[in-house]
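Structure first, then comments.
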Amino acid sequence: MLDELLHFDTLAIRTGHQRTAEGEHGEPIFPTSSFVFSSAAEAAARFSGEKPGNIYARFTNPTVKIFEQRLAALEGAESCVATASGMAAILSVCLGLLQAGDHIVSSRSIFGTTSILFDKYLGKFGVATSFVDLTDLAVWEQAIKPNTRLLFLETPSNPLTEIADISALADLAHAHNCLLVVDNCFCTPALQQPLKLGADIIVHSATKYLDGQGRIIGGAVVGNQELVGKEVFGVIRTAGPSMSPFNAWIALKGLETLSLRMKAHSHSAMRLARYLEQHPSIEQVFYPGLESHPQHQLAKSQQSDFGGIVSFKVKGGREQAWRLIDQTRLLSITANLGDTKSTITHPASTTHGRLSDEQKLAAGISDNLIRVAVGLEHLDDIQRDISRGL
Ligand SMILES: *Cc1c(COP(=O)(O)O)cnc(C)c1O
């Protein structure tokens, strides 16, 4: 076992790998569905949980375990279970910790598919969700009912980069016997560690920055042994939304460069935000690193840097926004994020296109809004590509 005093960057590279008899330096991939036992008694002891060890790769695989131990170390958690996708992580939390009649209070500004999961699919099984404004503590409190079990949020929000006060919401959750679940996809543990701020559970889409190179779909749930190691693990074991060893290997290698990449994404995003803020064709820029961001101080206090997502409103409307997007040659026109490749998207007609005009207005998703997920290409090239259409 590694020394607990090791720094983040070291844990990201060294945690979890116990060399096999081959003495390999790189982490091995174990493409096997099952594991064999030395005797019938040994098999019985493993199945009953009396003896630890591998059983069947739906819930025990050594490569997946390296990824889980490494991510748990980075989030400062007792336990982590890997899942097939970010959505599988969120579903597994709900299946493990909720029952019919329970209630969720969720930020309205969450990944669109997560809202559909809560509203349509959990709703079918008698779990209702109330959606509230991320930054208004009073409305969170008003929305909590006697049967509320979970508070759920993402911070910074997508695409307007609003910041939730994680400590205050954790206190609110605990005062009402609820758990706070944070989707830490945008910051990753390299920039923000919600458990240290009082959150109970973290979910990840490993598809985004954890892999960071656009190669896999994956996810994870992080938290304590009781909630995650037992309850959420039980869902993975029984329902099977597991991560494959190949994807786990990609994701665990991604973690090795996570902190370097997040610093580089943040550095370029900060400079792009400053450039856009002074540009005469830009109406407003949304980036938590800017002093003009209404929650800049809060972001500074709970994040170590501000991340790779920059949104901005061009002067004009949809025509001007679409023209800027269509004049890029380098940036990828796609809604994905967390890749080495920079992406550009028009939220009002894509990720938030299903909202009514009224809902868009309430959520601040105007027709002149553009979101850029800043990748790792040279900043000058990214900037030139965006300025072509300005
Ligand atoms: C992409 C994303 C998800 C879902 O993850 P998948 O791996 O695509 O299932 C959840 N939350 C956030 C914030 C995301 O960006």
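Observations on the structure shown:
- Candidates are the residues of region 151-172 that are among the charged types (D, E, K, R) and within 16 Å of the ligand (Cβ to nearest atom); the one that is nearest to the chain's Cα centre (by Cα) is 154.
- Of all the listed residues (86, 96), the sole one being under 21 Å from residue 209 (Cβ atoms) and surrounded by 14 or more Cβ atoms within 10 Å (Cβ to Cβ) is 86.
So that you can scan it fast, the table gives a plain yes or no per residue for (1) in contact with a helix residue (DSSP H, G or I) (Cβ under 8 Å, 6 or more places away or on another chain); (2) hydrophobic (A, V, I, L, M, F, W, C); (3) away from the ligand (no atom under 16 Å from the Cβ); (4) within 30 Å of residue 10 (Cβ to Cβ):
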residue	(1), (2), (3), (4)
93	yes, yes, no, yes
104	yes, yes, no, no
116	no, yes, no, no
131	yes, yes, no, no
145	no, no, yes, no
149	yes, no, yes, no
174	no, no, yes, no
177	no, no, yes, no
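- Taking residues in region 95-120 that are free of Cβ contacts under 8 Å to residues at least 40 places away in the same chain and outside any loop (DSSP other than H, G, I, E, B), and partners anywhere that are among the β-branched types (Val, Ile, Thr) and away from the ligand (no atom under 16 Å from the Cβ), the pairs with Cβ atoms closer than 8 Å and at least 6 places apart or on different chains are 118/127.
- With respect to (1) without any contact (Cβ under 8 Å) to a residue 24 or more places away in the chain; (2) of a type outside the set (Phe, Trp, Tyr); (3) within 16 Å of the ligand (Cβ to nearest atom), the lone exception for residue 292 is condition (3).
- Of all residues in region 3-59, exactly one satisfies the criterion of being surrounded by fewer than 13 Cβ atoms within 10 Å (Cβ to Cβ) and touching a residue at least 60 places away in the same chain (Cβ under 8 Å), namely 31.
- Once region 69-91 is narrowed to residues that are within 16 Å of the ligand (Cβ to nearest atom) and in a helix (DSSP H, G or I), the residue that is nearest to the chain's Cα centre (by Cα) is 86.
- Those residues of region 342-374 which are in contact with a Leu (Cβ under 8 Å, 6 or more places away or on another chain), at negative phi and assigned to a loop (DSSP other than H, G, I, E, B), in sequence order: 342, 346, 365, 374
Values quoted throughout were computed directly from the atomic coordinates according to the rules given, and no laboratory measurement underlies them. Model, not experiment: these values are computed from the prediction. Positions of Cβ are backbone-derived with ideal geometry, glycine not excepted, and every protein chain shown enters the neighbour counts.
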